[in-house]
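Data first, discussion second: the structure below is written as structure tokens.
The values are calculated or read from the model by the stated rules, or taken from the named source; none is laboratory data. Just so you know, these numbers come straight off a predicted model, no measurement behind them. Cβ sites come from the backbone with ideal geometry, for glycine too, and all protein chains shown count toward neighbours. Accessible surface is based on the protein model in full, side chains and every heavy atom, while ligands, DNA and RNA are left aside. Shrake-Rupley method; radii C 1.70, N 1.55, O 1.52, S 1.80 Å.
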Number of protein chains: 2
Amino acid sequence: MSHSEKADYGVVSFLARHVWLGMRAAIEDELTEFGLTVPQFATLLMLDHAPGMSIAEVARACGTTRQAANEMVAGLQAHDLVTRSPHPTDRRAQQLHTTEAGRELFHKALPAVRRREEELEAGLSPQLRSAGREWMLAMAAACVMQEKD
Amino acid sequence: MSHSEKADYGVVSFLARHVWLGMRAAIEDELTEFGLTVPQFATLLMLDHAPGMSIAEVARACGTTRQAANEMVAGLQAHDLVTRSPHPTDRRAQQLHTTEAGRELFHKALPAVRRREEELEAGLSPQLRSAGREWMLAMAAACVMQEKD
DNA sequence: GCAAACTCGTCAGGTTCCTGTCAATCATGG
DNA sequence: CCATGATTGACAGGAACCTGACGAGTTTGC
């Protein structure tokens, strides 16, 4: 009761952390029914919108490292959900593509995740939901600004 | 440029994750000058507002496990920033208290963290900042609701 | 009063992720 | 044209965290 409302007193970062942890637990609960982990789902989300990404690009988009992304993609590859193929022009990089099974599983999992997120936001007004997204987009942009100092 | 603005397309959870990661990197950068890690600072924050908390209470407040909190407190204890003392009534629990050095270090680190957070929010209107907090508080509350199902 | 259920701190084991490094490859500037 | 720097994927090693379990202690319900 008190550990989530006043514990982060005055430190916005920890409030953001609690939101992320809570939402991750929610979508993790949905994804287990599809045999996917949260990072794996994130990778499928990226590859669905931008096929042919490399490991490094996925890592940057997910906010993790190349190694973690590499192991995660290996897991997806073991389940025949994605494929690695040599990049046509860059001989260092590998193109990642979702398989037919990967796309099918992803498009079944995505609605479940979206629905769960909407359930969490059910009690909020459209204005507040929009403002929350606006605030997060602005903060994310401000955070990437500071990285290049 | 594009990896933080459209990558989370439609999935709010990942947007929240990027915000948390960015803000954590920011305050982590400030805390290294004081020799503190982010979880250690979080623990000092909790203990400053509620002295005498137990390990388990700190773990719940920080959104982590008893073991992680235990090891973290051991680190703080090694630097003489907190003390463990037996609980007066509950013989299982241990009371955690900040030492004088712990309070002094914390009250030097807290303004640095606050200032860094304000810098990140510098370009936002007061209304948007307030709305962001309101959205996160509501989401955190909704997430703890779902946990007891 | 007492047994069952719960919570405390702790230990062991395993998983996940990160840092640091490497050869290979691409990009950039003189 | 070529040297320097940056990037990609991979490899080791370690740090941080979690799950599962345990004895000890407390709370709850009958």
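Worth pointing out:
- Extension gain, B:T83 back to B:L137 (0.36 nm per residue minus Cα-Cα distance, nm): 16.3 nm
- Between 0 and 90°, nearest 10: helix B:100-120 axis offset from chain B longest Cα axis: 0
- Computed 3J(HN,Hα) for segment B:134-142, one whole-Hz value per residue from the Karplus formula 6.51 cos²θ - 1.76 cosθ + 1.60 where θ = phi - 60°, is 5, 4, 5, 4, 5, 5, 4, 5, 5, glycine and proline marked x.
- Inverse mean reciprocal Cα-Cα distance (Kirkwood Rh) of the protein assembly as shown, Å: 20.7
- Across segment A:16-33, coupling constants 3J(HN,Hα) worked out from phi with the 6.51/-1.76/1.60 Karplus curve, θ = phi - 60°, read 4, 5, 4, 5, 4, 4, x, 5, 5, 4, 5, 6, 4, 4, 6, 6, 4, 5 Hz, and Gly and Pro carry x.
- Listed values for segment A:46-55 are Karplus-derived 3J(HN,Hα) couplings in whole Hz (6.51 cos²θ - 1.76 cosθ + 1.60, θ = phi - 60°), namely 4, 5, 5, 8, 9, x, x, 5, 8, 4, and x replaces Gly and Pro.
- Distant-in-sequence amide H partners of B:M53 (H built 1.01 Å from N, under 5 Å): B:L96
- Note on B:K108/A:E119: beta-carbon distance plugged into 1/(1 + (r/R0)^6) with R0 of 51 Å gives a FRET efficiency of 0.75.
- A:D90 versus A:T65: modelled label distance in nm, points set 7 Å from Cα along the beta carbon direction: 2.0
- Helical mean residue ellipticity (222 nm; -39500 (n - 2.57) per DSSP H run of 4+; nearest 500) of chain A: -21500 deg cm²/dmol
- Buried between A and B is an accessible area of approximately 5300 Å², summed over both sides with a 1.4 Å probe.
- In a DSSP loop and with at most 10 other Cβ atoms within 10 Å, the trypsin sites (Lys or Arg not before Pro) in segment B:36-97 are B:R91, B:R92.
- Computed from label points 7 Å out along Cα-Cβ, the spacing between A:A56 and B:E147 is 4.0 nm.
- Angle in degrees between helix A:66-78 and the longest Cα principal axis of chain A, rounded to the nearest 10: 70
- Rg/Rh for segment A:12-147, where both radii come from Cα atoms and Rh is the Kirkwood radius: 1.00
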